[in-house]
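The values are calculated or read from the model by the stated rules, or taken from the named source; none is laboratory data. It should be emphasised that the depicted structure is a prediction, and the values quoted were computed from it without experimental measurement. Note that we place each Cβ from the backbone using ideal geometry, even for glycine, and neighbour counts take in every protein chain shown.
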């Protein structure tokens with residue numbers, strides 16, 4: 001009987017610690033490339049694993065799926081905005097030199113134009129060859145690339161740096177440093193707005209499976225609004241919210257805060273889990289194909305978390321990390337650090353000493 005109890009206890013122990021216990025997770029450096037400045041933009045990846053990354057050294061970098069640098073393009077201004085992959089598989093990105101550039105996946109310049117103002121936000125592609133973007137002092141702009149006509153939804157005196165999203169009804173949702181979240185139709189007409197208590201500097205209005213929208217503000221709060229922009233609930237942290245909320249398959253919302261924590265929230269704004277880093281979290285979370293969450297911190301680490309907010313592995317760079325990672329098809333992540341390097345990293349499973357002895 002005693003032997004059976006011991007065997008049962010061992011079975012329950014190994015069952016409770018889960019599959020990760022049989023492996024020690026480690027992060028493998030696949031490649032890294034040194035740029036000439038800090039990296040505040042974030043990379044994007046297309047379906048062929050071509051990577052584009054902009055730097056404050058005014059260069060735009062292009063890598064292939066082997067993580068090899070294939071070309072660079074020099075602009076006349078910082079690249080702070082994250083590039084966008086258009087529906088025709090070309091890349092588009094704005095610069096502080098007031099120019100918007102389009103490139104082939106290999107980095108060939110296809111077009112450039114100056115719609116006015118320094119480009120701070122990630123560009124949003126709309127129907128009818130139109131794009132929307134935010135700039136300094138010019139607010140939210142809609143630019144038709146067929147006739148070069150620019151329409152301004154509002155000309156905010158403060159810059160508009162927030163990412164944008166397109167609602168199911170075709171409205172553009174965005175935030176601004178005037179503390180407001182806006183819904184704007186594609187004729188550049190503001191339809192409704194919601195006032196927070198501080199800047200909405202970057203956080204993208206993210207549409208949730210239950211039809212609500214979540215967005216973070218520098219007033220330390222994550223707001224949950226309905227389609228009419230009525231406040232349903234909010235979750236308060238102890239720090240500014242800069243990054244975009246991420247929605248997991250089970251509808252959990254993941255977002256970082258300047259209070260050094262990564263929060264896992266339900267769609268009604270209740271705390272499920274949190275993970276503490278050692279620095280403010282400016283970066284937005286992304287998810288790998290197996291559900292692993294990747295997020296970076298100003299403590300110089302890239303963190304790999306499971307959906308319960310538990311640490312799987314981490315990788316240290318030599319600088320604060322502002323950038324949000326991008327994920328390649330094989331789950332290699334691309335991320336920039338303020339140590340001037342672009343990193344290509346991959347989470348791998350290493351057999352434990354227990355399994356090796358067997």
By residue number, the members of the range 251-268 that are in a loop (DSSP other than H, G, I, E, B) and at pLDDT 95 or above are 251, 252, 257, 258, 259, 260, 266
Taking the condition of being in contact (Cβ under 8 Å) with a residue 40 or more places away in the chain and either more than 18 Å from the chain's Cα centre (by Cα) or not in a loop (DSSP other than H, G, I, E, B) (or both), how many residues in the range 310-322 meet it? 5
For residue 251, only one of the following conditions fails: (1) surrounded by fewer than 18 Cβ atoms within 10 Å (Cβ to Cβ); (2) in contact with a strand residue (DSSP E or B) (Cβ under 7 Å, 6 or more places away or on another chain); (3) more than 21 Å from residue 41 (Cα to Cα). What is its number? (2)
The number of residues in the range 276-286 that are surrounded by fewer than 19 Cβ atoms within 10 Å (Cβ to Cβ) and in contact with a strand residue (DSSP E or B) (Cβ under 6 Å, 6 or more places away or on another chain) is 1
Suppose we filter the range 104-131 for residues that are assigned to a strand (DSSP E or B) and farther than 30 Å from residue 65 by Cβ; how many remain? 1
Members of the range 276-299 that are more than 17 Å from the chain's Cα centre (by Cα) and either farther than 14 Å from residue 239 by Cβ or not in a strand (DSSP E or B) (or both): 277, 278, 279, 290, 299
Could you tell me whether the range 225-236 includes any residue that is closer than 19 Å to residue 84 by Cβ, out of contact with any helix residue (DSSP H, G or I) (no Cβ under 6 Å at 6 or more places or on another chain), in a loop (DSSP other than H, G, I, E, B) and at pLDDT 95 or above? no
Being touching a residue at least 12 places away in the same chain (Cβ under 8 Å) and either closer than 19 Å to residue 52 by Cα or surrounded by fewer than 18 Cβ atoms within 10 Å (Cβ to Cβ) (or both) is the requirement here; does residue 345 meet it? yes
Filter the range 203-216 for residues that are surrounded by fewer than 23 Cβ atoms within 10 Å (Cβ to Cβ) and part of a loop (DSSP other than H, G, I, E, B); the one that is nearest to the chain's Cα centre (by Cα) is 208
Within the range 49-58, which residues are within 20 Å of the chain's Cα centre (by Cα) and part of a loop (DSSP other than H, G, I, E, B)? 49, 50, 55, 56
Filter the range 94-143 down to the residues that are loosely packed, with under 15 Cβ neighbours inside 10 Å and more than 23 Å from residue 53 (Cα to Cα), then identify the one that is farthest from the chain's Cα centre (by Cα). 128
